[in-house]
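Novice: Sending over a structure as structure tokens; questions will come in a sec.
The values are calculated or read from the model by the stated rules, or taken from the named source; none is laboratory data. Since the structure is predicted, the reported quantities are computational estimates derived from the model, not experimental observations. Here the Cβ positions follow ideal geometry from the backbone for every residue, glycine too, while neighbour counts run over all protein chains shown. What goes into the accessible areas is simple: the full protein's heavy atoms, side chains included, and nothing from ligands, DNA or RNA. Shrake-Rupley method; radii C 1.70, N 1.55, O 1.52, S 1.80 Å.
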Protein chains: 2
Amino acid sequence: MNSKVKDFFVKEITKKNLANYIDHTLLKPEATKAQVRKICEEALEFGFFGVCVNSSMVGVCREVLRGTKINIISVVGFPLGAADSSTKAFETTRALNLGATEIDMVLHLGLFKAKEYSLAERDIQDVVRSAEGKKVKVIIETAMLSNDEKKRACELAITGGAHFVKTCTGFNGGAATVEDIELMKSVVSDKCQIKASGGIRDFDFALSLIAAGANRLGTSFGVALIGSAPSDLIIKPGDY
Amino acid sequence: MNSKVKDFFVKEITKKNLANYIDHTLLKPEATKAQVRKICEEALEFGFFGVCVNSSMVGVCREVLRGTKINIISVVGFPLGAADSSTKAFETTRALNLGATEIDMVLHLGLFKAKEYSLAERDIQDVVRSAEGKKVKVIIETAMLSNDEKKRACELAITGGAHFVKTCTGFNGGAATVEDIELMKSVVSDKCQIKASGGIRDFDFALSLIAAGANRLGTSFGVALIGSAPSDLIIKPGDY
């Protein structure tokens with residue numbers, strides 16, 4: 001761990017519990033209800049911020065997590081972002097009705113790439129409106145964007161009314177990088193939060209992303225990641 | 001070309017026009033409206049059966065293809081199949097309203113893998129009902145299934161009321177194979193049609209798939225595929 005990250009970690013992260021940064025994620029198409037239940041139980045055990053699942057699995061999460069403070073995050077229009085806006089809006093409403101507390105939607109990359117920014121923004125707004133105040137994250141799929149496009153996408157997330165900008169779906173290549181988080185932070189400042197996702201498996205890397213500005217980490221490797229934390233820093237089950 | 005395929009081709013395919021087997025496909029998330037318009041124009045030029053696009057692009061296809069006989073195929077719950085059933089049903093209705101004439105949905109692989117067959121079948125039925133008689137294809141994602149599972153998935157497509165069983169999304173690995181088409185044909189017989197999709201770029205391979213039982217080919221390489229056909233067999237623009 002480099003000294004800058006180490007300093008940040010000692011000052012900030014220990015106060016807040018690293019596990020509470022993590023959206024414990026299971027999005028693979030063949031995931032069964034039993035596997036989804038398992039990540040819910042892990043979220044309870046380790047005190048993760050929430051679980052992140054496909055919309056068909058939100059109800060399963062609610063069965064396990066009802067009455068707890070673990071969040072249920074549903075992806076929407078995932079992972080291509082190319083479902084029509086009204087379908088994304090419908091899926092948002094449906095996910096909330098099933099028990100979701102946050103929505104992770106995918107930017108419409110085709111509109112965005114063609115510089116049809118007002119339509120891409122409206123696509124975000126439609127989801128934000130359907131979310132009725134619940135937090136919405138916009139996945140911009142960093143690996144498919146130039147640095148200028150990443151900045152523009154962050155601006156759209158802000159003007160679209162979203163609460164978070166998020167790096168990657170994990171399905172279209174690419175991964176979270178410290179450089180991208182720094183770039184995104186330089187644009188969104190305090191107007192949006194940042195979720196780093198894609199390829200986050202290592203404890204030190206997770207801390208580097210947080211030090212760079214990430215407010216949330218999406219990963220399928222949360223248990224191993226917390227497990228690899230130095231013993232003097234780890235938050236034990238029950239401590240949260 | 002092996003002789004069996006050659007014989008089949010001479011007897012059957014020349015009568016029907018190879019291009020008419022092809023769903024000309026553009027599903028990548030960054031596809032722009034201009035790129036979608038281009039595949040519509042190619043479909044008209046080459047006489048493809050239809051174009052296959054994400055639901056947000058169906059309206060663009062209708063602008064170009066209105067009044068022609070080219071079909072507009074919308075994918076639904078694509079490519080994970082893990083959106084909740086009512087969202088898949090909504091997207092189906094929406095796609096039809098926008099101008100789609102066929103629906104390619106993805107099997108709920110999580111339900112299927114857990115042997116929750118009645119729920120996976122109901123997921124198909126919900127889409128079939130919303131399609132109101134329009135043809136529905138069920139993508140079973142062959143690369144993620146054992147041979148026994150492929151057979152079971154074909155049976156579910158039939159009992160779910162679908163009109164086609166389809167091999168691959170192209171997004172979760174895998175590709176159409178002659179062996180899989182033969183296996184699927186052995187199950188569905190004449191109760192369902194078969195769409196081969198995933199990795200179809202070569203003329204001879206396309207004919208092999210048809211000889212094995214495929215009634216439709218989904219490919220993003222239709223223009224090159226038709227272009228590579230022997231000159232004495234190719235159907236020229238305007239012949240269809």
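Novice: At the interface with chain B (Cβ under 7 Å from one of its Cβ atoms) and either modelled with pLDDT of 95 or more or over 15 Å from A:GLY222 (Cβ atoms) (or both): which single residue out of A:SER55, A:SER3 fits that description?
Specialist: Details: A:SER3 fails: at the interface with chain B (Cβ under 7 Å from one of its Cβ atoms).
So the residue among A:SER55, A:SER3 that is at the interface with chain B (Cβ under 7 Å from one of its Cβ atoms) and either modelled with pLDDT of 95 or more or over 15 Å from A:GLY222 (Cβ atoms) (or both) is A:SER55.
Novice: Please go through the range A:100-109 and pick out each residue that is open to solvent by less than 10 Å² (accessible area, probe 1.4 Å), of a type outside the set (A, V, I, L, M, F, W, C) and more than 23 Å from B:ILE103 (Cβ to Cβ). Step through it out loud before you land on a result.
Specialist: Initial filter on the range A:100-109 (open to solvent by less than 10 Å² (accessible area, probe 1.4 Å)): A:100, A:102-109.
Narrowing further to those that are of a type outside the set (A, V, I, L, M, F, W, C): A:102, A:104, A:108.
Within the range A:100-109, A:GLU102, A:ASP104 meet the criteria.
Novice: Turning to a different aspect of this structure: Can you name the residue in the range B:136-159 that is among the aliphatic types (A, V, I, L, M) and in a loop (DSSP other than H, G, I, E, B) and is also farthest from the other protein chains (Cβ to nearest Cβ) among such residues?
Specialist: At the first step, the residues of the range B:136-159 found to be among the aliphatic types (A, V, I, L, M) are B:136, B:138-140, B:143-145, B:153, B:156-158.
Remaining after also requiring in a loop (DSSP other than H, G, I, E, B): B:140, B:145.
On the way: B:ILE140: 12, B:LEU145: 9 Å.
Only one residue fits best here, namely B:ILE140.
Novice: Restricting attention to the range A:44-53, and to residues there that are within 15 Å of A:THR25 (Cβ to Cβ) and open to solvent by less than 10 Å² (accessible area, probe 1.4 Å), which single residue is nearest to the chain's Cα centre (by Cα)? So that I can check it myself, show each step before the final result.
Specialist: First, pick out the residues of the range A:44-53 that are within 15 Å of A:THR25 (Cβ to Cβ): A:46, A:48-53.
Keeping just the survivors that are open to solvent by less than 10 Å² (accessible area, probe 1.4 Å) gives A:48, A:50-53.
On the way: A:PHE48: 12, A:GLY50: 10, A:VAL51: 10, A:CYS52: 8, A:VAL53: 11 Å.
For the range A:44-53, the residue satisfying everything is A:CYS52.
Novice: Looking at B:LYS38, B:LYS88 in this structure, which one is open to solvent by 60 Å² or more (accessible area, probe 1.4 Å), at pLDDT 95 or above, of a type in the set (D, E, K, R) and touching a strand residue (DSSP E or B) at 6+ places or on another chain (Cβ under 9 Å)? Please lay out each step first, then the result.
Specialist: Details: B:LYS88 fails: open to solvent by 60 Å² or more (accessible area, probe 1.4 Å).
From the options B:LYS38, B:LYS88, the qualifying one is B:LYS38.
Novice: Looking only at residues that are within 16 Å of the chain's Cα centre (by Cα) and β-branched (Val, Ile, Thr) in the range B:86-103, which one is farthest from the other protein chains (Cβ to nearest Cβ)?
Specialist: Residue satisfying both the conditions and the ranking: B:THR101.
Novice: How many residues are under 26 Å from A:GLY222 (Cα atoms) and among the small types (Gly, Ala, Ser) when one looks only at the range A:148-197?
Specialist: Number satisfying all stated conditions: 8.
Novice: Quick check on my filter: what residues within the range B:75-85 are in contact (Cβ under 8 Å) with a residue 24 or more places away in the chain, open to solvent by less than 20 Å² (accessible area, probe 1.4 Å), in contact with a helix residue (DSSP H, G or I) (Cβ under 7 Å, 6 or more places away or on another chain) and within 8 Å of another protein chain (Cβ to nearest Cβ)?
Specialist: B:GLY81, B:ALA82
Here's the yes/no breakdown for (1) assigned to a helix (DSSP H, G or I); (2) more than 22 Å from B:PHE171 (Cβ to Cβ):
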{"site": "B:PHE90", "(1), (2)": "yes, no"}
{"site": "B:THR93", "(1), (2)": "yes, yes"}
{"site": "B:ASP104", "(1), (2)": "no, no"}
{"site": "B:LEU111", "(1), (2)": "yes, no"}
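Novice: Filter the range A:160-210 down to the residues that are open to solvent by 30 Å² or more (accessible area, probe 1.4 Å) and either assigned to a strand (DSSP E or B) or in contact with an Asp or Glu (Cβ under 6 Å, 6 or more places away or on another chain) (or both) and list them by number.
Specialist: Passing the criteria: A:ASN172, A:GLN193.
Novice: Additional query: Which of the residues belonging to the range A:110-135 are open to solvent by less than 40 Å² (accessible area, probe 1.4 Å) and touching a His at 6+ places or on another chain (Cβ under 6 Å)?
Specialist: A:ALA120, A:ASP123 - these are the residues of the range A:110-135 that are open to solvent by less than 40 Å² (accessible area, probe 1.4 Å) and touching a His at 6+ places or on another chain (Cβ under 6 Å).
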